[in-house]
Amino acid sequence: MSEHRTTVAGVAVDTRHWIGGQRVASPRTFTDASPIDGAPVGEISRGTATEARAAVAAAKAVFPGWAATPRAERARLLHAVADGVEKRTEELANVETVDNGALLRSHRRGVMPRVAHNFRFFADWLLTLEHEDFATRGHTNHVTWDPAGPCVLITPWNAPLMLATWKVAPALAAGNTVVLKPAEWSPLTASLLADIAAEAGLPAGVLNVVQGYGSEVGDALTSHPDVRRISFTGSVPTAQHIAASAAANLTPLSLELGGKSPLLVFADADLDLAVDLAVEQYDNAGQVCLAATRLLVEEAVAEEFTRRFVAKASRLRQGDPREESTDIGPTIHPRQVAKIDGFVRRALAAGARAVIGGHPGEGQYYAPTLLTDVRQDSEIVQEEVFGPVLTLQTFTSEDEAVHLANDTRFGLAATLATGDPERAERVTARLVAGTVWVNCFFVRDLKAPFGGSRHSGIGREGGTWSFDFYCDLKNTVTAPKGWKDHG
Ligand code: NAD
């Protein structure tokens, strides 16, 4: 490990910023540690307003050239980036696991292929982007998606490269240039992405990566007058700060924020399926924005559901995320462990009962927890924990189920387990959520709109919705030949 480089899982990673096609070091660094064992893995350049401004300037300088690059050529370069990701899948998966503690097997088989797919999907979608011309009193309306300019993309640590590329790919496809600010707790794969993009032939300055603490580098990016879009995934308080900062220039924002999503289990559900869906919520140690952390179970089946849930959850293996047999890895940071434990302790003090877990384990491994006897207006039901902590409440009617499901300030997702398709339709229509899954979970397609309602976010990403955000839409109205009527 040096000031500018580190080797993680046998992979060399440059720990400096990537600005205008150059590696740039800051005078100071911060230490990145692995959640697996708390060991330091790299000294990362600690960005300031200076590097932030340099990155925006680089993105601005090359924007006209990239925006004017024919769509087919932009698409070809994005496919070349996807090729690079596929070539380095094993390296990316290993580095990501050491850096953020999520399972190596899911990085290998699910996440990194999805990273490549992010580039391929938006490259291909770009080539089909079209709105049918239409006529107004003989005039032709023609809609185009014009690139907006430099974009600032700010991402969290729970799925670093997947979430970053979900923004980078459409922003670049749209003809924009990018400054990516990855999370300080998982900065490494963003640096590898810069290498891959450069190797793929992406022109210098089109993609820039600035490392550092959000509190130190963030404002200079989000209040910069040359930035045309800000896309942020992270927590509500940070989003509120960024929105205020962006307000100075009225910079359009896309916000993908937290959740407190419900899983509604009706008595007519396939109970084993419902239990599988519930236990799945411990994936990535509960550090998933979409996680259905509130189990709402119809009273008639609650006892049996709980019995089967406990039986299944107690078979989960928690440990080193690099092991094939591990189901749940560590929590990202000691601070996050303390935060989770604070939520659980306060809930227990307020009368909740821990059916399983309810305490930290060794190191950064928090025990999978299920709490019952929780009040709807309590903190543990209303606030996002972002750890392996679920609550269980019961209901006796569909109305009550819908009321409980909707009664938080969030609206990211909801999952239903029911054997009655008509009930599914009725309940879905009443739920406030960006995504509803019926008898399934986490099935996602980039063609679908993704985002949250209320405090879970502003805007939708996916398919044409991404291009709508990253572009200035223009309607050109052309008069028919020989048109003379000026009235
Ligand atoms: P966070 O808000 O603490 O940090 C996210 C990013 O914002 C980091 O890169 C951080 O450095 C940066 N940041 C912090 N302060 C900033 C500032 N003042 N200006 C600019 N940038 C700043 O969130 P987190 O703890 O990293 O992530 C967890 C949160 O993300 C959870 O709430 C989770 O639900 C949410 N999340 C949402 C989605 C979604 O798609 N809706 C997906 C994943 C995670």
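The values are calculated or read from the model by the stated rules, or taken from the named source; none is laboratory data. This structure is a prediction, so every number in the text was calculated from the model and none was measured. Cβ coordinates were reconstructed from backbone atoms using ideal geometry, including for glycine residues, and neighbour counts include every protein chain displayed. For the accessible areas, the whole protein counts, side chains as well, though only heavy atoms, and no ligand, DNA or RNA atoms are used. Shrake-Rupley method; radii C 1.70, N 1.55, O 1.52, S 1.80 Å.
This model, with +1 at the C-beta of Lys and Arg and -1 at the C-beta of Asp and Glu, gives the range 262-438 a dipole about its Cα centre of some 680 debye. In this structure residue 365 has an accessible area near 40 Å², from a 1.4 Å probe over the protein heavy atoms.
Within the accessible surface of the range 197-246, defined with a 1.4 Å probe on protein heavy atoms only, the carbon and sulfur portion equals 56 percent. For the range 262-438, the pair-distance distribution built from all alpha carbon pairs, in bins 5 Å wide starting at 0, is 1, 9, 19, 22, 21, 15, 8, 4, 1, 0 percent. Solvent-accessible area of residue 345, all protein chains in place: 150 Å² (probe radius 1.4 Å, heavy atoms, ligands and nucleic acids excluded). Among the listed pairs 87/181; 87/312; 181/312, a Cα-Cα separation exceeding 29 Å is found for 87/312; 181/312.
Near the amide H of residue 15, within less than 5 Å, lie the amide hydrogens of 5, 6, all on another chain or at least 5 residues away, with H placed in the peptide plane. Working value for the range 1-127: equivalent-ellipsoid semi-axes of 28, 24, 10 Å, each the square root of 5 times a Cα gyration tensor eigenvalue, largest first.
Each residue of the range 74-83 was assigned a 3J(HN,Hα) from its phi angle through the Karplus expression (A = 6.51, B = -1.76, C = 1.60, θ = phi - 60°), giving 4, 4, 4, 5, 5, 5, 5, 5, 4, 4 Hz with x at Gly and Pro. Hey, any idea what % of the range 262-438's accessible area is carbon plus sulfur with a 1.4 Å probe? For the range 262-438, the apolar C and S fraction of the accessible surface comes to 48 percent. What a 1.4 Å probe finds exposed on the range 15-99 is 55% carbon and sulfur by accessible area, rounded to a whole percent. Computed from phi, the 3J(HN,Hα) profile of the range 61-66 under the Karplus parametrisation 6.51, -1.76, 1.60 (θ = phi - 60°) reads 4, 9, 4, x, x, 5 Hz, with x in place of Gly and Pro.
Its alpha carbons considered, the range 105-188 gives a radius of gyration followed by a Dmax of 17.0, 59 Å. Per residue, the solvent-accessible area of the range 1-87 (1.4 Å probe, heavy atoms of protein chains only, all protein chains present) comes to 45 Å².
Along its three principal directions, the equivalent ellipsoid of the range 355-487 from the Cα gyration tensor extends over semi-axes of 43, 20, 14 Å, largest first. Given the range 1-66, report the % of alpha carbon pairs whose separation exceeds 18 Å. Distances greater than 18 Å cover 45 percent of the Cα pairs. Within straight-line reach of residue 484, meaning a Cα separation under 27 Å, sit the following lysines at least 8 residues removed in sequence or on another chain: 474. Each of 330, 364, 182 was scored by the projection of its Cα onto the charge dipole of the chain, and the greatest displacement toward the positive side belongs to 182; charges sit on the C-beta of Lys, Arg, Asp and Glu.
Over all directions, the projected convex hull of the C-alpha atoms in the range 200-315 averages 11.6 nm² in area.
Here the chain is treated as a sphere whose radius is the Kirkwood value from Cα pairs; by Stokes-Einstein at 10 °C and 1.306 mPa s it diffuses with a coefficient of 67 µm²/s. If you take all other residues with their beta carbon under 10 Å from the beta carbon of residue 319, and give Lys and Arg +1 and Asp and Glu -1, the sum is -2.
Dividing the mean sequence gap of close Cα pairs (under 8 Å, 6+ apart) by how many residues the chain holds gives a relative contact order of 17 percent. Summary of the geometry: the range 247-273 and the range 436-487, compared by the centres of their Cα atoms, lie 20 Å apart.
Farthest toward the positive end of the dipole of the chain, out of 140, 265, 39, is the Cα of 140, where the dipole comes from beta carbon charges about the Cα centre. Which of rounded, prolate, oblate describes the range 96-251, given a ≥ b ≥ c as roots of the alpha-carbon gyration tensor eigenvalues and a/c under 1.5 marking rounded, otherwise prolate only if a/b is larger than b/c? It comes out oblate by the Cα gyration axes.
Near residue 33, the amide H atoms lying under 5 Å from its own belong to 41; only residues 5 or more places off or on other chains count, and H is placed 1.01 Å from N. Using the 1.4 Å probe convention, the accessible area of the range 262-438 works out to 41 Å² per residue with neighbouring protein chains retained. For every other residue with a beta carbon closer than 15 angstrom to the beta carbon of residue 424, add +1 if it is Lys or Arg and -1 if Asp or Glu, then tell me the sum. Charge balance near residue 424 sits at -4. Here the range 217-272 is treated as a Stokes sphere of Kirkwood radius computed over C-alpha pairs; at 10 °C and 1.306 mPa s its diffusion coefficient rounds to 119 µm²/s.
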